[in-house]
1. Given the C-alpha atoms of region 121-255, compute the convex hull and give its volume per residue in Å³.
2. By accessible area of protein heavy atoms, probe 1.4 Å, what ranking do Tyr133, Tyr227 get, highest first?
3. Compute the Rg to Rh ratio over region 178-255 from the alpha carbon atoms, using the Kirkwood formula for Rh, and round to two decimal places.
4. So with the 1.4 Å probe, I'd like the accessible area per residue for the chain, rounded to whole Å².
5. Out of the total accessible area of region 174-255 (probe 1.4 Å, heavy atoms of protein only), what percent is carbon and sulfur?
6. Residues of region 168-202 with backbone nitrogen within less than 17 Å of a virtual label 7 Å along the Cα-to-Cβ line of Asn53, please, listed as ranges.
7. Give me Rg/Rg_expected for region 24-166, where Rg uses Cα atoms only and Rg_expected = 2.2 N^0.38 Å with N residues.
8. Quickly estimate the mean residue ellipticity at 222 nm for the chain, helices only: each DSSP H run with n ≥ 4 gives -39500 (n - 2.57), and the total goes over all residues, rounded to 500.
Amino acid sequence: MVPRDPRAGSEKFDMLVSRIVAATNWQNAIRASDLMANDRRQIEIERELRKFNYYYLSKRQSKSEARRFIGAHQRVVTKEEIAQAVAGCELDPAIVREGKEGLFEEHLYPKVFPTSDPYFYLNRFRLKYEVRYRSKGYPERAYATWLVLQIMWSHVAPMIRSRALADAFREASERNTQPIGYLSDAINSMFRAALTFYRHKKEQGETAIDVSTFFKRKGLAPEFETYLGGKGRAFHKTVGKRVERFEVELRKIAS
């Protein structure tokens, strides 16, 4: 039953529409992300990100197609990229490694898209960009990306709570200015810590766990944090110093 009052039960109405679309589509394979493309929250996010010069692709479309339509003056970002950024910062890294479509399933969708606040998404998206960029060219780092992102988020999140510092971080990341150099050093150190942690835990001989399988394990983040507080404390100290310098430079821009 759909309420007559449009202000009541809007989430149930959006879900009903998605289910009707899925049930009546006989020609195209419908993904979980497709069902959410017209969700009210997606429309709100698209509107809010536009204020920051980000063109948000909530529907299935390639970035090249979008750029032909909007030109080169806006940054194009997909809802899948945003979903991975949020999940990478907030959820168990193993969940993100299971695939991006799962992030649009009903049990995860409210956790991945809990608000229409653009800062919530842009802060996480820019950090994900910086972490993934530092994994390029290093095959083993690719597997550790989501674990590193989550731990780095715990370091960066407290310093960008204000809008002024969040803006400074976003602009520094977009333009690759000086503060990002210190953040880059911190991320590189965290990657080295994650791979040293893997080699410490993987076991030896026939029972050794390969790097891909190891970083798919659930509950790895708390184990890694324990390692950083113990045998990996040297890495933790180095990351802390570089993050502190990053914050100093960020505050100079924001002031």
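1. Numbers: hull volume 13.5 nm³, N = 135.
So the per-residue hull volume is 100 Å³.
2. Numbers: Tyr133 115, Tyr227 25 Å².
Result, largest first: Tyr133, Tyr227.
3. On the way: Rg = 15.4 Å, Rh = 13.9 Å.
A ratio of 1.11.
4. Numbers: 13970 Å² over 255 residues.
Ligands and nucleic acids excluded, the figure is 55 Å² per residue.
5. On the way: 2250 of 4730 Å².
Carbon with sulfur: 48 percent of the solvent-accessible area.
6. 168-178
7. Numbers: Rg = 15.5 Å, N = 143, 2.2 N^0.38 = 14.5 Å.
Taking N as the residue count of region 24-166, the ratio is 1.07.
8. Numbers: 14 runs with 166 residues, N = 255.
-20000 deg cm²/dmol, from helical runs alone.
The values are calculated or read from the model by the stated rules, or taken from the named source; none is laboratory data. Fair warning: this is a prediction, and the values are worked out from it, not measured in the lab. We place every Cβ from the backbone using ideal geometry, glycine too, and count neighbours over all the protein chains shown. Heavy atoms of the whole protein, side chains included, go into the accessibility calculation; ligands, DNA and RNA do not. Shrake-Rupley method; radii C 1.70, N 1.55, O 1.52, S 1.80 Å.
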